[in-house]
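Notes follow once the structure below has been shown.
Any read-out appearing in this document is the output of simple, stated calculations on the displayed coordinates, not a laboratory observation. The shown structure was predicted, so the numbers you read here are calculated from the model rather than taken from an experiment. With ideal geometry, Cβ positions are generated from the backbone for all residues, glycine too; neighbour counts draw on all protein chains shown.
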Protein chains: 2
Amino acid sequence: MFFDMQQLAADIRYKVLTATVTPRPIAWVTTCSSDGIANAAPFSFFNVLGHEPPTVALGLLRHPGKGSKDTAQNILETGEFVIHLVPHEMAASMNETCVDAPRGVDELVLAGLKTLPSRNVAPPRIVGCPVAFECRSILNQETGPRQFAVIGEVLCGHVDDAFVIDADKGYIDTLGLDLIARMHGSGWYSRPGGLFQLVRP
Amino acid sequence: MFFDMQQLAADIRYKVLTATVTPRPIAWVTTCSSDGIANAAPFSFFNVLGHEPPTVALGLLRHPGKGSKDTAQNILETGEFVIHLVPHEMAASMNETCVDAPRGVDELVLAGLKTLPSRNVAPPRIVGCPVAFECRSILNQETGPRQFAVIGEVLCGHVDDAFVIDADKGYIDTLGLDLIARMHGSGWYSRPGGLFQLVRP
């Protein structure tokens, strides 16, 4: 089946892309507005892009008529964000922060989440997430009238000691983190499974 | 455990990032050099970034001393690439294209892969991959001396009819695609598994 992207309705394009580019790692992102109100929301248009310097990409969408989501607006205003990877036991809390709360409402409070201060940026770190990366935007690139891409530099990372096998070597117990990823359709997610190893030629 | 990215050696930063940002979807990318020699290589610094227009990001690294990989060089020269999602049954073939072949050597031939012409771009499409997206670069952003980020527009997509449930609605049999994703460490990958559903609030 051939899908000409320029001929497809936007919502169908979205479905074709999100049903095929799977699994997608999840960035549960905290930001602060310029007047200091915190915000949290999950995004699966996310990945690492490099390590010298360490960079990540986020794809952020605007709602038609409603303007940027708080996360997008806050990154544009402050350049700062914290990315958390999400363990299965925090899935329900993460999902609560998908709620379309009015601007200025702190989803962290709504979801009953506890936070700690970050080291290098203003947005707080969510307690209970085994991995968090403090980031600063190095590029905010408009890619369409309703979307932009953020490339951020990772300033520092926090990894729960329980999952650090050897800090000097950067060995982490990846499977122990039990991170969820975004799959297809209406709210399908996955946990780690089906592992196999390939030896690089 | 606190990891200050500016204090860590590059290889340790790489390990911390790739052991935590998991699972990562895989783009098996074909490109052509300006003199028409095809190339294929897999990348897991990849994701969708938006759908209006449909965009994807790729993070491409340079080897110290050896310059850009063919994929990076070819995208800089031509702006064109085809992204394939990789089914488990093609995992071994994909892995063969990780080989560090000299520039000008076609990994597709080395791995015994068959290809079809693409519709809108010069790089060919790999036979046996159930999903392929023809892309054109809209931004090549240097993010460090040895890496750059590509944001590409998806011009069109090909999905194997066997996995298209309803083309008009964009319904795809995601699990049927049996796509592999990149996990941690030395060559760990995953197949789909551990699915669960969350109802958005």
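A label point on B:ILE37, set 7 Å along the Cα-to-Cβ line, lies at 5.8 nm from each of its counterparts in the other copies, closest listed first.
When the alpha carbon gyration tensor of segment B:140-201 is reduced to an equivalent ellipsoid, the three semi-axes, largest first, read 29, 21, 15 Å. Counts of other chain beta carbons within 10 angstrom of each beta carbon in peptide B:133-144 average 4.
With its label point put 7 Å out from Cα toward Cβ, A:ILE165 sits 3.7 nm from the same residue's point in the other copies, in order from shortest.
Cβ under 12 Å from A:ILE12's Cβ, A:ILE12 left aside: what net charge do those residues give with Lys, Arg +1 and Asp, Glu -1? Around A:ILE12, the surrounding residues sum to -2. Taking the number of Cβ atoms within 10 Å of each Cβ as an exposure proxy, the fewest-first ranking of B:ILE180, A:ILE12, A:ILE37, A:ILE126 is A:ILE37, A:ILE12, A:ILE126, B:ILE180.
Charges were assigned to the Cβ only: +1 to each Lys and Arg, -1 to each Asp and Glu. The resulting dipole of segment B:10-190 about its Cα centre is roughly 660 debye.
Over segment B:1-135, the reciprocal of the mean inverse Cα-Cα separation, the Kirkwood hydrodynamic radius, stands at 15.9 Å. Peptide A:36-48 has a mean of 3 when you count, residue by residue, the C-beta atoms of other protein chains within 10 Å of its C-beta. Build a GNM of chain A with springs between Cα atoms under 10 Å apart, and of A:ASP160, A:ASP178, A:ASP168 the one that fluctuates most is A:ASP168. Averaged over peptide A:88-100, the number of partner chain Cβ atoms lying within 10 Å of each residue's Cβ comes to 2.
Chain A comes nearest to the axis taking it onto chain B at the Cβ of one residue; that residue and its distance, in whole Å, are A:GLY193, 1. Between segment A:20-40 and segment A:153-194, the alpha-carbon centres lie 16 Å apart. A label point on A:GLY187, set 7 Å along the Cα-to-Cβ line, lies at 4.1 nm from each of its counterparts in the other copies, closest listed first. Using a cutoff of 8 angstrom between alpha carbon atoms and counting only pairs six or more residues apart, the relative contact order for chain A works out to 23 percent. Here, the protein assembly as shown is characterised by an Rg to Rh ratio of 0.94, where Rg is the alpha-carbon radius of gyration and Rh the Kirkwood radius. Between amide H atoms placed 1.01 Å from N, distances below 5 Å from A:SER118 occur with A:ARG125, all of them 5 or more places distant or on a separate chain.
Here the translational diffusion coefficient of segment A:63-132 follows from Stokes-Einstein with Rh set to the Kirkwood radius across Cα pairs; for 37 °C and 0.692 mPa s it amounts to 249 µm²/s. Close amide-amide hydrogen proximity is noted between A:LEU195 and B:ARG191, each under 5 Å apart and 5 or more residues distant or on a separate chain (H modeled in the peptide plane; Pro and chain starts excluded). Taking one quarter of the surface of the C-alpha convex hull of segment A:102-177 gives a mean projected area of 7.5 nm². Amide H to amide H, with H built 1.01 Å from N, B:ILE26 comes under 5 Å of B:VAL86, B:ARG182, counting only residues 5 or more places away or on other chains. Largest GNM mean-square fluctuation among A:GLY112, A:GLY128, A:GLY157, using chain A with Cα springs under 10 Å: A:GLY112. With R₀ set to 22 Å, the beta-carbon distance separating A:ARG200 from B:ALA9 gives a calculated FRET efficiency near 0.55. Basic side chains Lys and Arg get +1 at the Cβ, acidic Asp and Glu get -1 at the Cβ, and with that the dipole of the protein assembly as shown about its Cα centre reaches some 40 debye. Among B:LYS69, B:LYS114, B:LYS15, the largest mean-square fluctuation in a Gaussian network model of chain B, built with springs joining Cα atoms closer than 10 Å, belongs to B:LYS15.
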